[in-house]
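Derivation of every value follows stated rules applied to the coordinates shown; laboratory data play no part. Given the structure is predicted, the values throughout are model-derived calculations rather than measurements. Glycine also receives a Cβ, built like all others from the backbone with ideal geometry; neighbour counts cover every protein chain displayed.
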Amino acid sequence: MRRFASFRQFYPFYLDEHRNRTSRRLHFIGSCGVLALLAVAALQRNAWWLLAALACGYGFAWVGHFFFEKNRPATFRHPFYSFMGDWVMFKDILTGRIRF
């Protein structure tokens, strides 16, 4: 297992694990779903929606990895950096830095 001293070192590895465009799209859709479900949880004041948000985010991402990237999600080895990477990649897609 590779070790990373910082997120700055990890992020290029994370992007390399997300080369497939369909996988990136699935990650993006899952992240949009997470944001929507977090809003629902807050508006309805119902914590069960947080579980739905978790399932949505990881569900879309893992389908991307297992069926399109054909690799194991970085979450299994680097959960904290991977979570950060999801949101940085989301921002990079929104800003056009990474192709959608």
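If you filter segment 5-15 down to residues that are in contact (Cβ under 8 Å) with a residue 12 or more places away in the chain and either among the hydrophobic types (A, V, I, L, M, F, W, C) or not in a helix (DSSP H, G or I) (or both), you find that the one that is nearest to Leu94 (Cα to Cα) is Leu15. Within segment 29-58, residues that are part of a helix (DSSP H, G or I) sit with their Cβ atoms under 8 Å from residues that are polar (S, T, N, Q) and surrounded by 14 or more Cβ atoms within 10 Å (Cβ to Cβ), at 6+ positions apart or across chains, in these pairs: Gly57/Ser31; Tyr58/Thr75.
Number of residues in segment 68-85 that are touching a helix residue (DSSP H, G or I) at 6+ places or on another chain (Cβ under 6 Å) and part of a helix (DSSP H, G or I): the value is 8.
Taking the numbered list (1) of a type in the set (D, E, K, R); (2) farther than 19 Å from Leu94 by Cα; (3) part of a helix (DSSP H, G or I) in turn, Arg2 passes all entries but (3).
Apart from one condition, Arg2 fits all of (1) surrounded by fewer than 16 Cβ atoms within 10 Å (Cβ to Cβ); (2) in contact with a Gly (Cβ under 6 Å, 6 or more places away or on another chain); the exception is (2). The set of residues from segment 59-100 being in contact (Cβ under 8 Å) with a residue 12 or more places away in the chain and loosely packed, with under 11 Cβ neighbours inside 10 Å comprises Arg99, Phe100. For segment 35-55, a residue qualifies if it is in contact with a Cys (Cβ under 9 Å, 6 or more places away or on another chain) and surrounded by 15 or more Cβ atoms within 10 Å (Cβ to Cβ), and exactly one does: Leu37.
From the list His65, His18, the lone residue that is assigned to a loop (DSSP other than H, G, I, E, B) and in contact with an Asp or Glu (Cβ under 9 Å, 6 or more places away or on another chain) is His18.
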